[in-house]
Amino acid sequence: MSEHVSAYVSQRELPRLPAPRSEAGLIATLRKNLFATPYDSVVTIVLGIFVVWLAWNLIEWGILTAVFTGANREACVPAEGQVIGACWAFVNAKMGQFIYGLYPVAERWRIDLVHLLLVVFAVPLAIPSVPWKRLNALLLFAVYPIVALVLMTGGDFGIGGGWISFLFAIAAFVAIAVAGTSLQVSERYVRIATWLATAAIIVLFASNIVRSESFRVLGFEFTALSLVSTLLAFGSVAASVAASVTNNQRLKVLVAPVVMLAVILFLSADFGLREVPTHLWGGLSLTLVVAITGIAASLPLGILLALGRRSHLPAIKLLSIIFIEFWRGVPLITVLFMSAFMIPLLLPDGVTFNNLLRALIGVALFSAAYLAEVIRGGLQAIQKGQFEGAQALGLSYWQMMRFIIMPQALKLVIPGIVNSFISMFKDTSLVYIIGLADLLGTVRRGFADPAWITPSTAATGLVFAGFVYWVFCFGMSRYSQFIERRLETGHRR
Amino acid sequence: MRDPKTRGLIIQIVLIIAITAFAAWLISNTMQNLTRSKIASGFGFLNYRAGFDIGQVPIDYTANSSYGRALVVGIVNTILVSGAGIALATIVGFIVGIARLSHNYLLRGLATIYVETFRNIPPLLVILFWYFGVLTVLPLPKDAIEFPLSTYLSNRGLQMPAARFDAIAIWSVLALIAGIVGAWLLSRRARAMQLQTGQRPSILWPVLGLLIGLPLVVFAVTGFPMTFEIPKATRFNLSGGWHVRPEFLALFLALSFYTAAFIAEIVRAGIIAVSKGQTEAASALGLSRRLTLRLVVVPQAFRVIIPPLTSQYLNLTKNSSLGLAVGYPELVAIGSTVLNQTGQSVEVVAIWMLSYLGLSLSVAAFMNWFNARAALVER
């Protein structure tokens, strides 16, 4: 049999021929991708004409007939029969406002410094190969906000006992979280610490309602109850330290209280910076403030809400569902209106929040609800075996969440989280409706300025603002895709 | 305390007490603040005279109408712009989404550019761009841009011929309804016959006759009871015809084009989600490409598409509240006017929230019904 088949077998390899002309090369690629069928050719030709027309119009509007220099509207008002495209002179003249808002010109270096520090801290954190991630994260998430706050406002806050005990109560809870979620811990002391911290919060609440005489301790104004609250918080931290087993753990537990102490000293210190009230903030820097604060506040809140919605305790589950569905059901504008008009009504007489803080609260609660749903999706995607395995190992609820569930769940939903951040970044533009001058707000005010009213000013300013938003959002989405690929561990089909 | 059940119970009770206390504290503060600023709480103000004019009134409204009526106008305007926006966004979104999967470089590239541009820009900016950048710099009505069919575009908006029907035209509408019912019965019978015999009778012509022919015949018999009102140029303005205001146009175009970018991504993901084996199996069964799409790919893609599509529709409805920025009189814009005039912030905010929750829930209910029809029926 085999003789018949192998009648002719070449002894040497034949030279490789190039691919046929119809299958390779520029022309073939073009034919395959642009002119495959008659229908395709028609589409290509029509669209090609459209693209050329569009590109020509854009070039004409943006460059050929655009005005690049000029001090006021005179430069951009078209003469009879003349066509004027973009009025870049307007963007040029208002650039300072677009970035800094009404921030005093002499103090703008402070904003520059804040932006610079953001880049210095955030960029190394974003690049996977740069070392010292832990220190870097601490700098960005703990040190940077405080420094930025002092730089932007001018610092020298008159911090009273109420704030001090509040900050230390937060520090106590963070210490409990750090101690309680480590793998070796004395449960009894954690419980004591929790009770003490809760008591601190209750006493703090009472100190706001019950009037008691005030006195000075170490230069800070304390009421009797707020002092008690502060001491309770200290006691809680001590119990958390006692709960820890190794020295390393104790150090970790102490990080939050020490940071908080530094924060209080730093905030109350006088650096000789001029005070700049928040109604002068504006432009891109305000957009960044709202977006970054919103992101930072909504992520932990979103995680808690997602856990609450998946909880087995009916009351917690119901409350989380109501909270989430309420915020998701209404538009952000009404939320902002509500925070602008109703927060003053809800607070006791004499307590006021400034406009910016109200908007921040609204934005943070709103995006926390959306984030909670994204994170819940991640939690649902984790197999039951992971929960059961963690419980079989004897981990407590929080330990299980921190070491087993959350790392997997959050990784699964990174695209969703970044999408929420992108939509929140876009949504910050809505704060201009309640009177804050963010990037879009300054542009809007800019083209309403009588000195710059021309037919093309509005379009030019909006195109510029759109480009800035686009760069940020597009950058975020590209970065998320990069991180997604990096974290890909092959679980996906 | 060691028992998880007791612990859970205690945690919940503490939480409920804390939240109730917090709510009570907020409410008591509100009461005090309201009595101090002498604002009567309650919804009595809805019957007072509004005293302001509204630019676009789809239902009867004058400045003498009540606040309640003004808010109803706002709700109707919200529904108008959302409905129109949803329709256009769906059409554009499906076209762009399918174009993103095209083999044609140019088509795919343009669709990608469209999606990436609109997804990364705030919707408010798009609305402002259409309104301040495009529509308000159009020429004055006296030298409006003229389109075919006596349609004019100027900085006062779009002016189109309006069809005015006589009362007798109601018979044509009735004929149309009868035609729809007839066509539905016919298609049911055809389906039953297909299930029984395997042969599907062609019902295209009878259905077309019922849907188009019957109303046309009735229309002709009743003597074409319709006149066109064509916009006329007066000295300073265009009058007559159907006038679409620039605020509506700006909001409608911006919302549609913005949401279409998201719908395009959803459509693309839905089509990709139908595995290749399905199309191959369909062509192995001998189905044509058109039938493969209609009977195999689209029904399965819809299953993936509908839930996110629902949330996009809801987003569009909620984003219509941005009309406030260009003065489109929708619910939030009118509500804020009412709020400024009366100071009834709690009540107005409550009305907003309830209206939007109601709109969201009804859109969601409709889409859930649609989804249940399209969902996979598993045994």
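The values are calculated or read from the model by the stated rules, or taken from the named source; none is laboratory data. Everything quoted here is computed from the prediction, not taken from an experiment. For neighbour counting, all protein chains shown are included, and Cβ atoms are generated from backbone atoms with ideal geometry for every residue, glycine included. Keep in mind that these areas ignore ligands, DNA and RNA; they rest on the heavy atoms of the full protein, side chains included. Shrake-Rupley method; radii C 1.70, N 1.55, O 1.52, S 1.80 Å.
Name the residue, out of A:Ser165, A:Ser229, that is within 29 Å of the chain's Cα centre (by Cα), in a helix (DSSP H, G or I) and touching a residue at least 24 places away in the same chain (Cβ under 8 Å). Let's see the steps before the verdict.
Numbers: A:Ser229 fails: within 29 Å of the chain's Cα centre (by Cα).
That would be A:Ser165, the only listed residue that is within 29 Å of the chain's Cα centre (by Cα), in a helix (DSSP H, G or I) and touching a residue at least 24 places away in the same chain (Cβ under 8 Å).
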TODO: Quickly run through segment B:347-366 and pick out the residues that are more than 8 Å from every other protein chain (Cβ to nearest Cβ) and open to solvent by less than 10 Å² (accessible area, probe 1.4 Å).
DONE: B:Val348
TODO: Please work out which one of (1) at positive phi; (2) open to solvent by less than 60 Å² (accessible area, probe 1.4 Å) is the condition A:Gly81 fails and give its number.
DONE: (2)
Task: A:Gly389 vs. criteria open to solvent by 10 Å² or more (accessible area, probe 1.4 Å), assigned to a helix (DSSP H, G or I), more than 13 Å from every other protein chain (Cβ to nearest Cβ) and at pLDDT 90 or above - done: yes
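Going through B:Ala70, B:Ala63, B:Ala99, B:Ala50 one at a time, which residue ends up being touching a Lys or Arg at 6+ places or on another chain (Cβ under 9 Å), open to solvent by less than 30 Å² (accessible area, probe 1.4 Å) and at pLDDT 80 or above? I'd like the intermediate steps shown before the answer.
Details: B:Ala70 fails: touching a Lys or Arg at 6+ places or on another chain (Cβ under 9 Å); B:Ala63 fails: at pLDDT 80 or above; B:Ala50 fails: at pLDDT 80 or above.
Just one listed residue meets the conditions, B:Ala99.
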Open item on the list: Suppose the filter is of a type in the set (Ser, Thr, Tyr), open to solvent by 50 Å² or more (accessible area, probe 1.4 Å), within 30 Å of B:Ser336 (Cβ to Cβ) and in a helix (DSSP H, G or I); does B:Ser311 pass it?
Closed with: yes
Task: Criterion violated by B:Ala281 - all others in (1) in a helix (DSSP H, G or I); (2) surrounded by 16 or more Cβ atoms within 10 Å (Cβ to Cβ); (3) more than 12 Å from chain A (Cβ to nearest Cβ) satisfied - done: (2)
Task: Odd one out for B:Ser150 among (1) open to solvent by 40 Å² or more (accessible area, probe 1.4 Å); (2) at positive phi - done: (1)
Task: Residue in segment A:453-472 that is in contact (Cβ under 8 Å) with a residue 12 or more places away in the chain and within 27 Å of A:Glu488 (Cβ to Cβ) present - done: yes
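Take B:Ser82 and tell me if it is open to solvent by less than 40 Å² (accessible area, probe 1.4 Å), modelled with pLDDT under 90 and out of contact with any Pro (no Cβ under 7 Å at 6 or more places or on another chain).
Values: open to solvent by less than 40 Å² (accessible area, probe 1.4 Å): yes; modelled with pLDDT under 90: no; out of contact with any Pro (no Cβ under 7 Å at 6 or more places or on another chain): yes.
When the stated conditions are applied, B:Ser82 does not pass them.
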- [ ] Report yes if some residue within segment B:153-160 is out of contact with any helix residue (DSSP H, G or I) (no Cβ under 6 Å at 6 or more places or on another chain) and over 27 Å from A:Leu440 (Cβ atoms); otherwise report no.
- [x] yes
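For segment B:21-38, state whether one or more residues are in contact with a helix residue (DSSP H, G or I) (Cβ under 6 Å, 6 or more places away or on another chain) and open to solvent by 50 Å² or more (accessible area, probe 1.4 Å).
Step one: of segment B:21-38, the residues in contact with a helix residue (DSSP H, G or I) (Cβ under 6 Å, 6 or more places away or on another chain) are B:26, B:29-30, B:33.
Next cut, open to solvent by 50 Å² or more (accessible area, probe 1.4 Å) only: none.
Checked against the condition, which is being in contact with a helix residue (DSSP H, G or I) (Cβ under 6 Å, 6 or more places away or on another chain) and open to solvent by 50 Å² or more (accessible area, probe 1.4 Å), segment B:21-38 yields no hits at all.
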Open item on the list: If a residue counts only when it is away from every other protein chain (no Cβ under 14 Å), which helices (runs of 4 or more DSSP H) contained entirely in segment B:107-224 have at least 3 such residues?
Closed with: B:170-197, B:204-208, B:214-221
Task: Count - residues of segment A:441-474 that are within 8 Å of another protein chain (Cβ to nearest Cβ) and outside any helix (DSSP H, G or I) - done: 2
Open item on the list: Take the conditions within 21 Å of B:Tyr328 (Cβ to Cβ), in contact (Cβ under 8 Å) with a residue 12 or more places away in the chain and touching an Asp or Glu at 6+ places or on another chain (Cβ under 9 Å) and apply them to B:Tyr258. Does it pass?
Closed with: no
Open item on the list: Can you find a residue that is open to solvent by less than 40 Å² (accessible area, probe 1.4 Å), at pLDDT 80 or above and among the hydroxyl-bearing types (Ser, Thr, Tyr) anywhere in segment A:205-222?
Closed with: no
Open item on the list: Pairs please, first residue from segment B:174-195 and within 20 Å of B:Leu216 (Cα to Cα), second anywhere and of a type in the set (Lys, Arg) and surrounded by 12 or more Cβ atoms within 10 Å (Cβ to Cβ), Cβ atoms under 9 Å, 6+ apart in sequence or on different chains.
Closed with: none
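Condition check ((1) at positive phi; (2) in contact with a strand residue (DSSP E or B) (Cβ under 7 Å, 6 or more places away or on another chain); (3) open to solvent by 50 Å² or more (accessible area, probe 1.4 Å)) across all residues:
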{"site": "A:Ala409", "(1), (2), (3)": "no, no, no"}
{"site": "A:Pro415", "(1), (2), (3)": "no, no, no"}
{"site": "A:Ala437", "(1), (2), (3)": "no, no, no"}
{"site": "A:Arg444", "(1), (2), (3)": "no, no, yes"}
{"site": "A:Thr457", "(1), (2), (3)": "no, yes, no"}
{"site": "A:Phe472", "(1), (2), (3)": "no, no, yes"}
{"site": "A:Leu487", "(1), (2), (3)": "no, no, yes"}
TODO: Output the number of the condition that A:Gly48 fails; it satisfies all remaining conditions of (1) open to solvent by 80 Å² or more (accessible area, probe 1.4 Å); (2) within 11 Å of chain B (Cβ to nearest Cβ); (3) of a type outside the set (D, E, K, R).
DONE: (1)
- [ ] For residues that are out of contact with any Leu (no Cβ under 8 Å at 6 or more places or on another chain) and within 11 Å of chain A (Cβ to nearest Cβ), scanning just segment B:319-346, find the one that is surrounded by the fewest Cβ atoms within 10 Å (Cβ to Cβ).
- [x] B:Asn340
- [ ] Please work out if A:Ser429 is surrounded by 22 or more Cβ atoms within 10 Å (Cβ to Cβ) and more than 24 Å from A:Ala66 (Cα to Cα).
- [x] yes
Task: Single match in A:Ala19, A:Ala36 (criterion: open to solvent by less than 100 Å² (accessible area, probe 1.4 Å), within 11 Å of B:Asn104 (Cα to Cα) and not in a helix (DSSP H, G or I)) - done: A:Ala36
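So which helices (runs of 4 or more DSSP H) stay within segment A:288-375 end to end and still have 1 or more residues that are open to solvent by 60 Å² or more (accessible area, probe 1.4 Å) and not hydrophobic (A, V, I, L, M, F, W, C)?
On the way: elements: A:314-329, A:332-341, A:343-346.
Hits in segment A:288-375: A:314-329.
So that you can scan it fast, the table gives a plain yes or no per residue for (1) of a type in the set (D, E, K, R); (2) under 26 Å from A:Ala465 (Cα atoms); (3) open to solvent by less than 70 Å² (accessible area, probe 1.4 Å):
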{"residue": "A:Trp88", "(1), (2), (3)": "no, yes, yes"}
{"residue": "A:Trp109", "(1), (2), (3)": "no, yes, no"}
{"residue": "A:Leu117", "(1), (2), (3)": "no, yes, yes"}
{"residue": "A:Val120", "(1), (2), (3)": "no, yes, no"}
{"residue": "A:Ile127", "(1), (2), (3)": "no, no, no"}
{"residue": "A:Ala148", "(1), (2), (3)": "no, yes, yes"}
{"residue": "A:Asp156", "(1), (2), (3)": "yes, no, no"}
